[in-house]
Amino acid sequence: MLKERYYSTVEYVDRYGKKSKEMHIYCELGKKPTIGDFIEAFKQEGLDVEISDFINLTFKPKNPQTAPIIMVKVLRTTKDHTFKPFAC
């Protein structure tokens, strides 16, 4: 299966404030990233999250007492046109 890469700017909210990071999202060739693709990317970062707001793409941890974050929000996602699709 061929994969495409998307850049996504994500805002992490923890107990001390906010910070923005860029992360890579990989999805099937010819398709746009889905909520499942974002959840999989967060799992690779070590975060176990679930969707809390579909419209704003806001995610919250499944176990908030032990999670290092309070909330994750996807700000923007753009396709990487310089990336060559690869097979997985």
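Quick notes
- Residues being among the β-branched types (Val, Ile, Thr), at pLDDT below 95 and in contact with an Asp or Glu (Cβ under 9 Å, 6 or more places away or on another chain) - total across the range 1-38: 1
- Among the residues making up the range 16-52, a single one is part of a loop (DSSP other than H, G, I, E, B) and β-branched (Val, Ile, Thr): Thr34.
- Scope the range 16-62; condition acidic (Asp, Glu) and surrounded by fewer than 12 Cβ atoms within 10 Å (Cβ to Cβ); matching residues: Glu22, Glu50, Asp53
- From the options Lys73, Lys84, Lys62, Lys79, residue that is free of Cβ contacts under 8 Å to residues at least 40 places away in the same chain and in contact with a strand residue (DSSP E or B) (Cβ under 9 Å, 6 or more places away or on another chain): Lys62
- Boolean, Tyr7 is among the hydroxyl-bearing types (Ser, Thr, Tyr) and within 11 Å of Thr77 (Cα to Cα): yes
- His81 vs. criteria touching a Ser or Thr at 6+ places or on another chain (Cβ under 8 Å) and at pLDDT below 95: no
- Scanning the range 29-43 for residues that are touching a Cys at 6+ places or on another chain (Cβ under 9 Å) and in contact (Cβ under 8 Å) with a residue 12 or more places away in the chain yields Pro33, Asp37.
The values are calculated or read from the model by the stated rules, or taken from the named source; none is laboratory data. Please read all numbers here as calculations on a predicted model, not as lab measurements. Every residue, glycine among them, receives a Cβ derived from its backbone with ideal geometry; neighbour counts consider all protein chains shown.
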